[in-house]
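Nothing in this text is a laboratory measurement; each read-out follows from the coordinates by a stated rule. Since the structure is predicted, the reported quantities are computational estimates derived from the model, not experimental observations. Cβ sites come from the backbone with ideal geometry, for glycine too, and all protein chains shown count toward neighbours.
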Amino acid sequence: MIIRRFVSSDRNKVSYLIRRCLNEINSEDYTADQVSFLCQEFTPGNVQARFVERSSYVAAQGDRILGCVTLKDNEIGSLFVNPSYNRQGIGSNLYSYAEKLAIQRGATVLWVNSSKTAVLFYKNMGYILQEKRRDAKGGTTYFMYKKL
């Protein structure tokens with residue numbers, strides 16, 4: 001497995017990966033309507049737009065995308081791992097890669113809006129839960145931060 005920059009030709013595979021995660025994993029965190037809304041947020045075109053405006057990376061094995069992560073300023077985002085490869089260190093490796101990049105850029109704190117499912121992952125990465133938030137669509141996220 002290698003971690004490399006997202007390129008536009010990854011957009012279909014990354015979109016599929018994220019939407020699969022939303023349907024298979026995050027469906028426990030959100031209603032069907034919320035999952036549907038989130039899936040629309042991660043169409044290939046939206047992935048392309050979002051990922052090019054951030055520092056975006058994928059974990060790849062050959063032509064297979066195993067996971068992804070984005071970093072914009074001090075915010076970690078779009079950290080997803082193919083459900084078939086969960087608990088194999090891919091998410092931790094992607095996170096560590098983004099954290100090192102943030103430190104190189106001079107960040108002293110990182111933050112994330114986590115799903116309920118990912119809260120424990122981020123706690124294990126050293127994050128502290130600051131608050132539970134509800135968005136306009138009725139979804140709940142968990143605002144977490146980590147001092148570097």
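Label zone (Thr140, point 7 Å along Cα-to-C-beta; backbone nitrogen cut-off 17 Å) within the stretch 78-115: 113-115. Dividing the helix sum by the residues of the chain, where each DSSP H run of 4 or more adds -39500 (n - 2.57), gives a mean residue ellipticity at 222 nm of -11000 deg cm²/dmol. In plain terms, the residue of Ile25, Ile2 with the fewest other Cβ atoms within 10 Å comes first and the most crowded comes last, giving Ile2, Ile25.
For the stretch 113-127, putting each phi into the Karplus relation 6.51 cos²θ - 1.76 cosθ + 1.60 with θ = phi - 60° gives couplings of 9, 9, 6, 4, 4, 8, 4, 4, 4, 5, 4, 5, 8, x, 7 Hz, in residue order, rounded to whole numbers and with x for Gly and Pro. Its Kirkwood hydrodynamic radius, worked out from the mean inverse distance over all distinct Cα pairs, puts the chain at 15.4 Å.
Select from Thr117, Tyr57, Gln40 the residue farthest towards the positive end of the dipole of the chain; place +1 on Cβ of Lys and Arg, -1 on Cβ of Asp and Glu, and compute about the Cα centre. Highest projection toward the positive end goes to Tyr57. Going 7 Å from the Cα of Arg20 in the Cα-to-Cβ direction, what parts of the stretch 49-66 have a backbone nitrogen less than 14 Å from that spot? Flagged as within label range: 59-66. The relative contact order of the stretch 2-105 comes to 29 percent, based on Cα pairs under 8 Å that sit 6 or more residues apart.
A Cβ-based charge dipole, computed about the Cα centre of the chain with Lys and Arg at +1 and Asp and Glu at -1, lands at about 300 debye.
Counting lysine pairs in the stretch 61-148 whose alpha carbons fall under 16 angstrom apart, excluding pairs fewer than 8 residues apart on the same chain, gives 10. Computed from backbone phi, the HN-Hα couplings of the stretch 25-30 come to 10, 6, 5, 7, 9, 10 Hz, rounded to whole numbers (Karplus: 6.51 cos²θ - 1.76 cosθ + 1.60, θ = phi - 60°; Gly and Pro given as x).
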